[in-house]
């Protein structure tokens, strides 16, 4: 898969920009969650929620631009289909970050302190996942055979996030918090790890695209 033609180069640049905006959305969400764990004022957390939303909106704009170029015929039909699915999948990562951040800030959820280490670990793992997603997608675009290895790292980190979620929920329901609070925190944890699940979906799409390219 090469980008010698003008339209292909434009798609490449749009995909790179889109990945950067999704990374920014995740970074803003991570800062917002860290602020919650550090007991920062809700006004500060709400500002980070807005930053997450703005990055997600910019990612949406770039996704639409990339899709327009692909629909116009930048690549062979089978390659276009793969890239359209991948761009859409990456965009859903920004949506997941935004949804988790807004759920947290609008509900003003204070997470029990005994969950803090697990939540911090989960967020750090997801940030690493985003780096793997970016490397996998860029590897696909440039023909780097390491794309599949990066996709495998996404899957490995998804398993780690799942384990952290299970441990956090077990700890949560062992506390004496009111049931309503437990349910609200559990709902947030489910929204948080949605990012990791969607990252795994993108990794699977990259692996399939590589397989198709080799046939």
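The values are calculated or read from the model by the stated rules, or taken from the named source; none is laboratory data. This structure is a prediction, so every number in the text was calculated from the model and none was measured. All Cβ positions, glycine included, derive from the backbone under ideal geometry; neighbour counts span all protein chains shown.
Against the conditions (1) surrounded by 15 or more Cβ atoms within 10 Å (Cβ to Cβ); (2) part of a helix (DSSP H, G or I); (3) more than 12 Å from the chain's Cα centre (by Cα), residue 56 satisfies every one except (3).
The single residue among 210, 148, 127 that is surrounded by fewer than 22 Cβ atoms within 10 Å (Cβ to Cβ), modelled with pLDDT under 95 and in contact with a helix residue (DSSP H, G or I) (Cβ under 7 Å, 6 or more places away or on another chain) turns out to be 210.
Just one of the numbered conditions (1) surrounded by 15 or more Cβ atoms within 10 Å (Cβ to Cβ); (2) under 27 Å from residue 42 (Cβ atoms); (3) under 15 Å from the mean Cα position of the chain (by Cα) is not true of residue 165: (3). For the range 132-145, name all the residues that are surrounded by 14 or more Cβ atoms within 10 Å (Cβ to Cβ) and either assigned to a loop (DSSP other than H, G, I, E, B) or under 15 Å from the mean Cα position of the chain (by Cα) (or both). Residues satisfying the conditions are 132, 133, 134, 135, 136, 137, 144.
Taking the conditions (1) within 22 Å of residue 92 (Cα to Cα); (2) in contact (Cβ under 8 Å) with a residue 60 or more places away in the chain; (3) in contact with a helix residue (DSSP H, G or I) (Cβ under 6 Å, 6 or more places away or on another chain) in turn, residue 108 satisfies each one other than (1). Candidates 120, 167: the one that is in contact (Cβ under 8 Å) with a residue 24 or more places away in the chain, in contact with a helix residue (DSSP H, G or I) (Cβ under 6 Å, 6 or more places away or on another chain) and farther than 24 Å from residue 88 by Cβ is 167.
Taken residue by residue, the range 77-86 has no member that is out of contact with any strand residue (DSSP E or B) (no Cβ under 9 Å at 6 or more places or on another chain), at pLDDT below 95, outside any helix (DSSP H, G or I) and over 19 Å from residue 199 (Cβ atoms). When residue 156 is tested against (1) in contact with a helix residue (DSSP H, G or I) (Cβ under 7 Å, 6 or more places away or on another chain); (2) part of a helix (DSSP H, G or I), only condition (1) is not met. If residue 103 satisfies all but one of (1) surrounded by 14 or more Cβ atoms within 10 Å (Cβ to Cβ); (2) in a helix (DSSP H, G or I); (3) out of contact with any helix residue (DSSP H, G or I) (no Cβ under 6 Å at 6 or more places or on another chain); (4) touching a residue at least 24 places away in the same chain (Cβ under 8 Å), what's the number of the condition it fails? Checking residue 103 against (1) surrounded by 14 or more Cβ atoms within 10 Å (Cβ to Cβ); (2) in a helix (DSSP H, G or I); (3) out of contact with any helix residue (DSSP H, G or I) (no Cβ under 6 Å at 6 or more places or on another chain); (4) touching a residue at least 24 places away in the same chain (Cβ under 8 Å), the one that fails is (3). Sub-8 Å Cβ pairs linking a first residue in the range 61-78 that is over 10 Å from residue 14 (Cα atoms) to a second residue that is at pLDDT below 90 and part of a loop (DSSP other than H, G, I, E, B), at least 6 apart or interchain, are 74/5; 75/1, ordered by first then second residue. Among the residues of the range 32-45, the one identified as surrounded by fewer than 18 Cβ atoms within 10 Å (Cβ to Cβ) and under 20 Å from the mean Cα position of the chain (by Cα) is 34.
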